[in-house]
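As structure tokens, the structure follows; a few thoughts come after it.
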Amino acid sequence: MDAEAAGSGRETPRRRGQGELEAAVLSVLGEASEPVTAAWVLRRLGGGLSYSTVITILTRLHAKQAVARTGPRRPVLWQPVADEAGLAALLMRRLLDKQSDRDAVLSSFVSGLSPDDEDLLRSLLAESGPDAAGPPADRPKG
């Protein structure tokens, strides 16, 4: 808190990180029953954000394929393609796709999981069917 804010009893607002803003925008979009404008998103976010900040976040989410936008007509309408968990999964897949040694990356990732997360991963793999847990050569091509 700066001296002026301390003297006035007001706290300086905490600056949110890009990931927090993206999650907040995805959450607001998830509440919409149809595609919405950036102004609609801004009104629901509140918190002193500017219109240009909301547009920037929506554009970044669009580049990450987490939101879809209407064509060139105005106003541009936005809708979620992925929720926060879906966005994280998409980013993880993109990072994995960039690696030359996928086995090493996945092995390292799994070895760093907590026992509870390991159990959850095993459960999810079991739910997705017997082919999902087998080696790639045993999976049907599709």
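The values are calculated or read from the model by the stated rules, or taken from the named source; none is laboratory data. Model, not experiment: these values are computed from the prediction. Ideal geometry is used to build each Cβ from the backbone, glycine not excepted, and the neighbour counts take in all protein chains shown.
Residues in the range 1-48 that are in a loop (DSSP other than H, G, I, E, B) and either at pLDDT 90 or above or of a type in the set (Asp, Glu) (or both): how many? Even if it seems obvious, please write down each step before you answer.
If we filter the range 1-48 for residues that are in a loop (DSSP other than H, G, I, E, B), which is where we start, we get 1-2, 9-17, 32-35, 37, 46-48.
Next, only the ones that are either at pLDDT 90 or above or of a type in the set (Asp, Glu) (or both) stay: 2, 11, 32-35, 37.
Total meeting the criteria: 7.
So, in the range 57-68, of the ones that are at pLDDT 90 or above and surrounded by fewer than 16 Cβ atoms within 10 Å (Cβ to Cβ), which residue ends up farthest from GLU20 (Cα to Cα)?
ALA68
Could you list, in sequence order, the residues of the range 69-85 that are surrounded by 15 or more Cβ atoms within 10 Å (Cβ to Cβ), hydrophobic (A, V, I, L, M, F, W, C) and without any contact (Cβ under 8 Å) to a residue 40 or more places away in the chain?
VAL76, VAL81
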